[in-house]
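These notes are about the structure you will find just below.
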Amino acid sequence: MIITAEHIIPVTSDPIEDGAILVKDGRIAEIGSAQRLKARNPEEEVKDFGRAALMPGLVDLHTHMEYTVLRGIVHDVPYGEWLAEEHRKADMLTWDDRYDSALLGGMEMISGGITTIAEFTGSGASCEALQDLGLRSFVYRSVGAQEKAAVQPAIDAALADIRKWREKVDPDRTVVGIAPKALHACHPTIYRKVNEVAEAEGIPVAMHIAGSYEEYNYVMRGTMPLSVRGITRTNDNLTDRPMWLPTGVTPVNYALNWDAFNSNDVLAVHCVHVNEDDIARLKEYDVAVAISTRCNAQLGMGLAPLPELLRAGLRVGLGTDSPAAIDSADMFIEMRLGMLIHRAVDRNSFLSASTMLELATLGGARALRMENEIGSLEVGKRADIIAVDLASSRQAPLVDPVTAVVTSASASDVIFTMVQGKVLYDRGKYSGHVDRDEAMRSAISIRRRLRD
């Protein structure tokens with residue numbers, strides 16, 4: 001297949017005008033003149049997107065697709081209140097609900113140009129949905145236990161699921177990993193065991209950390225509702241639960257004390273409340289970071305020090321986070337909002353559109369250690385390619401396609417999505433057997449039940 005457009009944005013080099021990409025066997029075989037590629041490959045199907053930009057698929061470094069049906073259900077409250085109600089609603093979802101929810105969320109991502117996601121799940125429903133959708137993914141099996149006696153059984157159950165899921169997925173598109181739950185939901189010994197499992201199985205680790213004021217106060221001072229959330233009088237052995245006392249250290253420092261970063265491939269999500277020493281330690285352990293600016297702003301969690309993380313040389317990418325918090329999986333908003341907020345609060349680091357585009361593509365690939373395979377348009381890399389329409393009035397006259405994509409485009413401008421050479425979305429039509437209307441009807445039915 002030959003794909004052509006007025007602009008090609010390789011990310012690793014300057015944009016190309018009126019170029020084309022030759023895709024063969026799921027990889028990028030050649031990039032160059034449209035006329036020359038078509039002349040040399042007359043048997044190839046040609047897709048011409050005209051006034052559009054061809055670019056690498058977006059990498060969403062942090063998602064919770066199973067919560068798509070919860071979007072908008074808990075609105076206009078800060079993180080602590082949102083978390084409690086969101087968990088209460090999530091506990092009402094069946095496995096089938098979660099699968100249908102993930103299908104709907106995945107279709108939104110496909111039509112919005114997201115080709116790779118890093119997903120957290122305890123049920124595995126989204127793992128199966130991702131296989132059916134054809135998206136590239138890193139699926140992290142979440143695991144948590146607050147009582148010390150429950151830690152090993154929880155780890156054993158997680159490991160059994162991981163092995164089962166790995167047998168079912170396409171290894172060319174899906175990597176299965178493990179994710180300890182948030183600090184307030186785990187006995188500290190779980191972090192060491194998670195990393196032991198990761199090293200033994202050769203799988204990646206991801207974890208939420210330093211994401212909110214509430215968590216910071218909880219770890220540092222032992223205060224806030226999270227310290228007693230989930231405790232009941234009837235079925236909790238309070239003597240086995242680590243009743244929280246102030247640690248006097250940051251969340252990153254606390255996690256380090258329990259060997260949370262001791263495996264070779266760790267992704268830290270949020271990293272909002274980190275200091276200079278925390279950043280240095282994350283760099284020392286080569287921990288990648290997923291930034292979710294919109295979710296952090298929506299829930300009043302704070303602002304991650306993105307410029308400082310970049311200056312420290314950390315592998316950083318962008319993630320949309322839970323649809324239950326941000327309502328839409330739009331990576332264009334993530335790029336734009338992250339750029340504008342940091343420009344407003346830190347004039348010394350004035351982030352550019354090209355930096356934000358790199359974070360949303362190659363940056364996310366680096367964080368997942370996939371930069372040699374995805375994240376940029378280069379010969380030999382996997383053909384994860386999208387086309388973004390730049391023909392609308394708000395993008396005319398067009399001077400720089402990179403700036404246009406970051407400052408004025410949105411998920412609705414994506415007109416083509418390909419993963420590993422397979423077309424998943426083309427001008428409003430999804431490929432494969434997934435029925436968007438059926439997924440929508442199912443989501444509406446689930447929402448109706450949750451509201452009753």
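The values are calculated or read from the model by the stated rules, or taken from the named source; none is laboratory data. Model, not experiment: these values are computed from the prediction. All Cβ positions, glycine included, derive from the backbone under ideal geometry; neighbour counts span all protein chains shown. SASA here: full protein model, heavy atoms, side chains in, ligands and nucleic acids out. Shrake-Rupley method; radii C 1.70, N 1.55, O 1.52, S 1.80 Å.
Here are a few things to note about the model shown:
- Local electrostatic count, Arg427, Cβ distance below 11 Å [Lys/Arg +1, Asp/Glu -1]: 0
- Å² of accessible area per residue within region 308-452, as computed with a 1.4 Å probe and no ligands counted: 43 Å²
- Above-threshold pairs, the threshold being 20 Å between Cα atoms, out of Lys89/Lys181; Lys89/Lys193; Lys148/Lys193; Lys24/Lys164; Lys24/Lys47; Lys24/Lys422: Lys89/Lys193; Lys24/Lys164
- A full extension of the chain between Asp437 and Glu378 corresponds to an added length of 17.7 nm, given 0.36 nm per residue minus the alpha carbon distance.
- Label-point gap, in nm, between Leu340 and Ala157 - each point 7 angstrom along Cα→Cβ: 4.4 nm
- Surface composition of the chain: carbon and sulfur make up 49 percent of the accessible area, probe 1.4 Å.
- A protection proxy built from the mean count of other Cβ atoms within 10 Å ranks the segments 173-185, 24-36, most packed first, as 173-185, 24-36.
- One chain, two ends: Asp48 and Arg311. Fully extended at 0.36 nm per residue, the span grows by 90.7 nm beyond their Cα-Cα distance.
- Using the 1.4 Å probe convention, the accessible area of region 21-72 works out to 39 Å² per residue with neighbouring protein chains retained.
- Hypothetical label at Val249: residues of region 175-189 whose amide nitrogen lies under 18 Å (7 Å Cα-Cβ projection): 182-189
- Label-point separation in nm, Ser33 to Phe350, each point 7 Å along Cα→Cβ: 3.9 nm
- FRET efficiency, Arg88 to Thr403 (Cβ-Cβ, R0 30 Å, nearest 0.05): 0.10
- For region 101-189, the solvent-accessible area of protein heavy atoms averages 28 Å² per residue (probe radius 1.4 Å; ligands and nucleic acids excluded).
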